[in-house]
1. How about region 2-17: which of its residues are part of a helix (DSSP H, G or I) and either over 21 Å from residue 96 (Cβ atoms) or open to solvent by less than 20 Å² (accessible area, probe 1.4 Å) (or both)?
2. Would you check if residue 267 is within 16 Å of residue 213 (Cα to Cα), of a type in the set (Gly, Ala, Ser) and open to solvent by less than 10 Å² (accessible area, probe 1.4 Å)?
3. Quick one: which of 476, 455, 491, 463 is at pLDDT below 90 and either of a type in the set (Ser, Thr, Tyr) or open to solvent by less than 20 Å² (accessible area, probe 1.4 Å) (or both)?
4. Go through region 124-138 and give me each residue that's assigned to a loop (DSSP other than H, G, I, E, B) and closer than 14 Å to residue 159 by Cα.
5. Out of all the residues in region 494-528, which are surrounded by fewer than 21 Cβ atoms within 10 Å (Cβ to Cβ) and β-branched (Val, Ile, Thr)?
6. When residue 82 is evaluated against the numbered criteria (1) open to solvent by less than 30 Å² (accessible area, probe 1.4 Å); (2) more than 17 Å from residue 48 (Cβ to Cβ); (3) more than 49 Å from the chain's Cα centre (by Cα), which criterion, by number, is the only one it fails?
Amino acid sequence: MNTFFSGTRLRDMIRAIRACKTAAEERAVVRKECAAIRTSINENDQDYRHRNLAKLMFIHMLGYPTHFGQMECLKLIASAGFPEKRIGYLGLMLLLDERQEVLMLVTNSLKQDLNHSNQYIVGLALCALGNICSAEMARDLAPEVERLLQFRDPNIRKKAALCSIRIIRKVPDLAENFINPAAALLKEKHHGVLITGIQLCTDLCKVSPEALEFLRKKHTEGLVRTLKDVVNSPYAPEYDIAGIADPFLHVRLLKLLRALGQGDADASDAMNDILAQVATKTESNKNAGNAILYECVETIMSIEDNGGLRVLAINILGRFLSNRDNNIRYVALNMLMKAITVDVQAVQRHRATILECVKDSDASIRKRALELVYLLVNETNVKPLTKELIDYLEVSDEEFKGDLTAKICSIVEKFSPEKIWYIDQMLKVLAEAGNFVKDEVWHALIVVISNASDLHGYTVRALYKAFQTSSEQESLVRVAVWCIGEYGDMLMNNVGMLAIEDPVTVTESDIVDVVEIALKHHALDLTTKAMALIALLKLSSRFPSCSERIKDIIVHHKGSLVLELQQRSLEFNSIIEKHQNIRSTLVERMPILDEATFTTRRAGSLPAAVSTSGGASLNLPNGAVKPSTAPLVDLLDLSDDVPAAPGSSGGDFLQDLLGVDLSTAPTQSGTNQVQKAGTDVLLDLLSIGVPPVQSSTSTTDILSPIQNEKSPIATLDALSSSSSPSAQATSSARAAPMMDLLDGFGPSPSKPENNGSVYPPFVAFESSSLRITFNFSKQPGNPQTTLVQATFTNLTPNDFTDFIFQAAVPKFLQLHLDPASSNILPASGNGSITQNMRVTNNQHGKRAASLVYWDQPCRPQASTLMLSVYIKGMDLCVLYIGGHSSLRFLLPSQQITLHRLL
């Protein structure tokens with residue numbers, strides 16, 4: 001005999017399910033019971049229909065599918081008896097929701113039951129309608145529910161009011177039908193009906209302006225009297241909770257008064273007295289009383305202005321902050337954050353209590369209190385509040401230091417009264433939690449230090465002292481290393497001593513020790529070590545006696561596995577050994593950085609290549625006339641890939657190659673342009689910003705093709721050698737025809753554009769095995785398109801087979817690559833392979849492309865065109881064509897040849 005048949009009682013099924021020891025056993029029991037229920041449904045067994053539905057509801061609560069029993073709900077609802085209807089409506093509310101199409105079939109049964117003579121059946125229908133009512137059902141049954149709001153039994157009126165709330169939320173257009181019946185409920189003496197009536201009126205005010213205006217004019221005084229009666233009512237055991245008469249009614253009345261008083265001065269005046277009475281008479285030693293006080297405070301803060309009441313409300317919140325209950329403290333902090341926009345001075349009186357909440361053990365309270373303290377800070381209290389926060393930073397939890405540090409830095413930056421105070425506070429933060437400081441914070445600190453010329457000595461001494469005790473804080477180390485590199489001589493000579501500090505005895509060796517420690521610290525990242533190498537290069541010029549030691553430290557990183565450190569080590573070592581005549585110029589102090597421009601760019605509202613300084617200044621890559629924030633960007637590798645606007649000068653091709661603007665003022669002579677640009681090219685390659693110096697080397701000569709040059713450092717030597725004006729002119733003239741290729745670097749607008757000209761060919765690459773020659777031309781009437789013919793010649797005695805030429809371009813260029821003339825390259829120059837390319841610049845006159853060859857592996861920039869030649873599966877050479885490349889100076893082992901622009 002089957003244990004689970006349709007007559008099994010609900011308790012027996014529950015007992016069997018709970019006796020299961022595994023999920024598999026439970027599924028087996030449920031599966032058997034569901035099969036028995038399906039059999040009973042198919043047999044239309046009316047005797048056990050209600051029992052089957054009760055079991056289905058329990059199975060549904062366990063998470064198993066019960067959709068096959070939905071129609072049984074409708075059959076039970078259609079039954080005549082109350083017990084069947086009760087199970088049917090319960091199943092309807094549990095097994096179905098308003099999205100089910102089956103629900104449409106129950107509308108008629110609901111309408112009949114709402115008009116039933118048995119009030120209990122009416123109550124069942126109202127409960128079901130209030131839980132699963134859809135918009136269609138609401139429109140169909142709203143008249144019946146509206147009528148039941150005036151039913152004789154209070155329980156029916158209460159359920160009808162709750163059902164009306166559901167209806168107006170689903171269909172706000174029906175709100176006007178419920179205004180008068182809902183207003184009538186406000187005069188009820190039965191607290192249950194009165195609470196539901198007040199809630200209905202509150203919802204009507206939210207969805208209907210007409211209802212809000214009607215209740216505001218007709219019923220504000222009545223609601224005030226009701227609240228006064230409740231506050232002053234004697235003890236009533238049926239409504240008493242913790243010695244307070246019906247706190248739920250208190251809360252609902254206060255919420256409705258808040259809706260009526262918001263934006264209306266007359267209604268607000270009418271309720272001021274009772275709100276003051278509630279605020280003063282309600283006891284706060286019980287949760288029920290705290291709930292009433294909280295709603296009272298929120299109502300006071302929401303209605304029209306009354307200064308005295310608002311001070312009283314904020315004082316109540318101040319008492320909440322001293323409560324031992326975390327929930328009460330948290331809601332008080334939330335409310336104070338709203339109150340601070342209304343009455344800052346009243347909130348300021350509780351500043352000490354709020355600061356104590358910052359030190360609370362509860363994480364959510366700490367964060368909310370910190371946000372509130374941040375809103376409380378102004379010019380008058382910034383110093384004491386910052387001191388309290390920094391003192392707490394020393395003992396705060398690690399997980400909280402990130403938020404606390406961010407707020408302190410923001411406060412100091414926003415409200416700093418003077419630069420020395422700003423520097424002192426930021427150094428304290430860096431010393432305590434430098435690893436939690438974001439990059440933009442210490443960037444901003446460097447900008448401020450750069451501008452405080454009278455505090456350079458004081459700052460570098462303070463950083464030197466802080467480094468001795470907090471060398472593990474990376475942001476502090478970065479700022480210290482940067483300042484020591486810039487102002488190390490001031491540290492040694494005690495320059496700029498202030499009255500508040502004591503002299504520091506520091507030798508050149510001690511200063512180098514600090515940078516060496518930073519360089520050797522295993523926990524510091526690449527950026528910090530790269531900055532330390534730059535600082536050492538600068539100190540090698542400032543401290544000649546330590547030059548050999550510094551050189552040894554730098555050379556130590558020639559074999560570093562980190563390519564960036566290895567490259568910098570090679571570059572800087574070459575400068576120290578072979579280029580003493582320009583080293584002092586390279587490592588001069590950075591110019592003063594404009595704070596306003598840095599702040600604007602930090603906010604993201606100014607492109608990287610735009611300068612806000614007035615006048616016809618020179619936009620050079622280094623020196624005082626460069627856009628103000630560029631030296632710091634160069635030093636800290638903060639430059640982005642925003643292309644500079646092209647200029648009209650022939651030398652402007654550097655702007656595309658180096659990502660800087662080299663356009664000169666019209667008042668400057670051509671000789672000065674050449675002299676300044678020549679040095680600045682190298683300085684920008686080294687990522688070091690210094691003031692411009694005079695140099696007699698032509699920019700075009702430096703960057704012209706060095707096809708026959710045997711010296712690996714010819715480019716660097718060219719910077720220190722002098723050339724005659726005639727040679728400069730010749731070099732410029734030789735490079736000029738190449739300037740207009742791929743657009744943006746054309747001749748002066750006064751000269752007619754020759755779109756059909758053919759440009760001289762040049763050797764793009766030549767080694768012992770391969771020569772690549774490029775021929776350029778323009779189509780007449782189509783200046784944005786460049787035709788490039790690549791000719792490949794084999795210089796070895798063996799044939800090259802499987803010749804492949806590949807190309808890729810940035811987004812602003814379009815490339816069409818024709819097939820190569822052959823895939824076999826004959827030996828000894830007896831033949832050649834040609835391949836044509838057509839490059840179209842979609843941003844003609846705005847962006848341009850340049851051609852650069854590297855004979856060492858490197859990483860091209862995102863806007864770089866790459867041309868590769870593969871022979872027999874071997875990468876023979878790589879050519880990079882870029883619209884904006886951030887290049888570095890390469891040394892003999894990494895020779896670089898800079899070709900003309902495309």
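1. Quick first cut of region 2-17, residues part of a helix (DSSP H, G or I) only: 10-17.
Those that are part of a helix (DSSP H, G or I) and either over 21 Å from residue 96 (Cβ atoms) or open to solvent by less than 20 Å² (accessible area, probe 1.4 Å) (or both): 11, 12, 13, 14, 15, 16, 17.
2. Working: within 16 Å of residue 213 (Cα to Cα): yes; of a type in the set (Gly, Ala, Ser): yes; open to solvent by less than 10 Å² (accessible area, probe 1.4 Å): yes.
When the stated conditions are applied, residue 267 passes them.
3. Working: 476 fails: at pLDDT below 90; 455 fails: at pLDDT below 90; 463 fails: at pLDDT below 90.
The unique qualifying residue is 491.
4. In the first step, residues of region 124-138 are kept if they are assigned to a loop (DSSP other than H, G, I, E, B); the result is 133-134.
Hit for region 124-138 is 133, nothing else.
5. The initial filter retains those residues of region 494-528 that are surrounded by fewer than 21 Cβ atoms within 10 Å (Cβ to Cβ), namely 494-510, 513, 516-517, 520-528.
The answer is 495, 500, 504, 505, 506, 507, 517, 527, 528.
6. It fails just one condition, (1).
The rows are residues; the columns are (1) among the aliphatic types (A, V, I, L, M); (2) open to solvent by 30 Å² or more (accessible area, probe 1.4 Å); (3) assigned to a loop (DSSP other than H, G, I, E, B).
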residue: 105; (1), (2), (3): yes, yes, no
residue: 113; (1), (2), (3): no, no, no
residue: 117; (1), (2), (3): no, yes, yes
residue: 122; (1), (2), (3): yes, no, no
residue: 140; (1), (2), (3): no, yes, no
residue: 144; (1), (2), (3): no, no, no
residue: 147; (1), (2), (3): no, yes, no
residue: 151; (1), (2), (3): no, yes, yes
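Condition check ((1) out of contact with any Phe, Trp or Tyr (no Cβ under 9 Å at 6 or more places or on another chain); (2) farther than 30 Å from residue 224 by Cβ; (3) modelled with pLDDT under 90) across all residues:
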{"residue": "292", "(1), (2), (3)": "yes, no, no"}
{"residue": "295", "(1), (2), (3)": "yes, no, no"}
{"residue": "315", "(1), (2), (3)": "yes, no, no"}
{"residue": "326", "(1), (2), (3)": "yes, yes, no"}
{"residue": "345", "(1), (2), (3)": "yes, no, yes"}
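The values are calculated or read from the model by the stated rules, or taken from the named source; none is laboratory data. Not measured: the values here are computed from a predicted model. Here Cβ is always computed from backbone atoms with ideal geometry, including for glycine, and neighbour counts include all displayed protein chains. Accessible surface areas use protein heavy atoms only, side chains included; no ligands, DNA or RNA. Shrake-Rupley method; radii C 1.70, N 1.55, O 1.52, S 1.80 Å.
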